[in-house]
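Okay, so here's the structure we're looking at.
The values are calculated or read from the model by the stated rules, or taken from the named source; none is laboratory data. Bear in mind the structure is a predicted one, so any value in this text is a computation, not a measurement. Don't worry about glycine lacking a Cβ; one is built from the backbone with ideal geometry, like all the others, and counts go over all protein chains shown. These area figures cover heavy atoms from the full protein model, side chains too; ligands, DNA and RNA do not enter into them. Shrake-Rupley method; radii C 1.70, N 1.55, O 1.52, S 1.80 Å.
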Amino acid sequence: MLRPTVVNTKVSQVKAISGHTRSIAYSAGLVEHKARKLRDVITQTTHRPVANAERSRHSDSAGNTPARNCRCQVCRPSGLIADSERWSMFEYRLQNVQYVPHRHSYPLIASMKHFPLVSLFILFAATQASAADRPNIFIAISDDVSFPHASAHGSKMVDTPAFDRVAADGVLFNNAFCPAPGCSPSRAAFLTGCHIWMIEEAGTHASYFQTKYTTFPEALQESGYFVGATGKAWAPGNFRHNGREVNPAGKSYGTKKSGYVAGFEKFMSERPKDTPFCFWFGSSDAHRSYKKGSGLAKGKTLDQAEVPKFLPDHPEIRSDLLDYAFEIERFDDDCDQMLKILEAAGELDNTLVIITSDNGMPFPRAKANCYEYGIHMPLAVCWKDRVPGGRKLDDLVGFVDLTATIYEATGVDSPNDFPVVGESLVADLTSNKSGIADPTRDAVYAGRERHSSSRFNSLGYPQRAIRTQDYLYIYNFRSERWPAGTPMKLGKAVYNAAGSLMSSQAGAEHGGYHDIDACPSLTFLIKNRDHADFGRYLGLSVDKRPTEELFDIKFDAACLNNLAEDPEVAAVKQELNQRLMKELMKTNDARVTDGGDVWETYPRISSLRWFETPIWAKQNTSAVPKQEWLDARRPKK
């Protein structure tokens, strides 16, 4: 019997020993996994995985990280636990010689005298498992869709058979959250597995994406996957500025104009035989603008519209919601066609399918806000070869967890320099559990910075949030700023060389709310701002907010009753504030480490608007961040 002597062996070393290709390294991961499982059983040890961001707290006495004898998620990122459920998973993999994770340097159970035997075992396993055994990855991500707007989630306003199919074949997640309520930062966090405040320019809207932040499509491609995307990948932003030649989500195979489904067909036709693939379908549905009345024209009726409590119940609002529903169904139809292509190719069963959205619905007080309708996402995941279907999970799940899941499912190394902060869902997916599968998943985090050019100097509206099963806590770092944009912008603004405004024209009253997409609903709110019944709704979306906001989600999903000053929940607020700040400090968020002005130095590549200097900036000029990029773009004589 082998003694549990640890020998650290990297996949690269195994490749050198074997002299084989990438598939050998892949099979080495399988052997390493088996050995680690055997060690777990022999030593009967259990260590709960923790976030990679805890790395600094897991060093051995010599200061090595990961610690040699620690098996947590940081030090051994596979985070395997020797319980009966995980052992059953191992037996399944052992019998079927399938993929396993090998994300860093893992120990093999072998003494040095047994190492040649292990090497032969690696070579033998390599003849049975190849890259083709790894699952494909198919991600379908809509644009601006909130939970619960899928029929599987209970919505009667939409009919989403493709989403429902994936949920029925796999798992429906009732508590999935995006990392930011805006397109490009949310997508960047998903692609990297890092909070938005960890990825510099990519964490704000319409800026850059540094090459040092590896994305999972890039890592999968490096590992032998065939990678591509169609439609909206990482966007808006300029990924080429820092040296990338291809979008961080993968090579483009078409746009909405050329046809999403046609793009996927082209991708599949170019895929090398027996090569696993990763494909990103990024629809522009349900992003504005809409063809007004398209929902009614499709046959929907006003009574089908589901009006959230932060919007007035009026036919104009209902019709706008039906147009939004029409867009969701168009996205779902594209998903349906792509799933059928996978099925016809015989690839669906071994494909990890993820259908979700990037951020909340494009309505006032939803998108670009850390409220529930801004960050709570629909999510369905299936993988028929491995995941028992027909289940619903209520665990709190973030997009960074999806990133970790993709790395574990494919057995591809996650980045070392900027580790994924999420926890893989593979164990939860492959279990038979419903409801709460992992009680330790008790919080998710989100945040936002600049969304559009909507206030003085195009400054952002920085928010950070923590969501638990019962509460949503939001911290507004610059509550003196307008959350949806300064009410009135300037036209024909001209500045002197010192950056002082020389001349301008006043814009339209209430025309500066550019953190809300232009839409019939916003127009209605502005038009009826003095209405006895509807007047209050505009203020809910555009008025200044306190520094702290706290909502009891079980009773107030619309986030209308701020409990931050309620003494009965003071202890709850304090606890959530402490948890949030601890996470921000641990992950080096500039908003808590040095004030966060660095966020305002990240250029916006899209158009700029100009606004009057606010009172707070006039009274304290030192509080105005330095922005060379903005000064260079000021309109001058």
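May I ask you to verify whether Asp169 is over 17 Å from the mean Cα position of the chain (by Cα) and at pLDDT 95 or above? Against the criterion (over 17 Å from the mean Cα position of the chain (by Cα) and at pLDDT 95 or above), Asp169 qualifies.
In the set (1) buried (at least 24 other Cβ atoms within 10 Å of the Cβ); (2) under 18 Å from the mean Cα position of the chain (by Cα), the condition left unmet by Pro148 is number (1). Taking the stated definitions as given, is Thr192 under 26 Å from Gln337 (Cα atoms) and among the polar types (S, T, N, Q)? So Thr192 does not fit the description; no.
Scanning region 242-269 for residues that are in contact (Cβ under 8 Å) with a residue 40 or more places away in the chain and open to solvent by 30 Å² or more (accessible area, probe 1.4 Å) returns Glu265, Met268. Mind counting the residues in region 293-311 that are touching a residue at least 24 places away in the same chain (Cβ under 8 Å) and either under 31 Å from the mean Cα position of the chain (by Cα) or assigned to a loop (DSSP other than H, G, I, E, B) (or both)? Residues meeting the conditions: 12. Would region 527-546 turn up any residue that is in contact (Cβ under 8 Å) with a residue 40 or more places away in the chain, acidic (Asp, Glu) and buried (at least 16 other Cβ atoms within 10 Å of the Cβ)? Looking for residues that are in contact (Cβ under 8 Å) with a residue 40 or more places away in the chain, acidic (Asp, Glu) and buried (at least 16 other Cβ atoms within 10 Å of the Cβ), one finds none in region 527-546, hence no. Can you confirm whether Asp334 is crowded, with 19+ Cβ neighbours inside 10 Å, part of a loop (DSSP other than H, G, I, E, B) and of a type in the set (Asp, Glu)? For Asp334, the condition - crowded, with 19+ Cβ neighbours inside 10 Å, part of a loop (DSSP other than H, G, I, E, B) and of a type in the set (Asp, Glu) - is not met. All conditions in (1) closer than 30 Å to Asp470 by Cα; (2) without any contact (Cβ under 8 Å) to a residue 24 or more places away in the chain; (3) β-branched (Val, Ile, Thr) hold for Thr587, with the sole exception of (2).
Among strands (runs of 3 or more DSSP E) entirely within region 472-583, having at least 1 residues that are farther than 25 Å from Tyr324 by Cβ and hydroxyl-bearing (Ser, Thr, Tyr) singles out 490-495, 501-506. Of the residues making up region 427-451, those that are more than 30 Å from Val387 (Cβ to Cβ) and in contact with a Ser or Thr (Cβ under 8 Å, 6 or more places away or on another chain) number 2.
Restricting attention to region 210-261, the residues that are in a loop (DSSP other than H, G, I, E, B), polar (S, T, N, Q) and touching a strand residue (DSSP E or B) at 6+ places or on another chain (Cβ under 8 Å) total 3. When each of Ala176, Ala189, Ala180 is tested for being in contact with a strand residue (DSSP E or B) (Cβ under 9 Å, 6 or more places away or on another chain), in a loop (DSSP other than H, G, I, E, B) and under 30 Å from Lys433 (Cα atoms), the lone residue that passes is Ala180.
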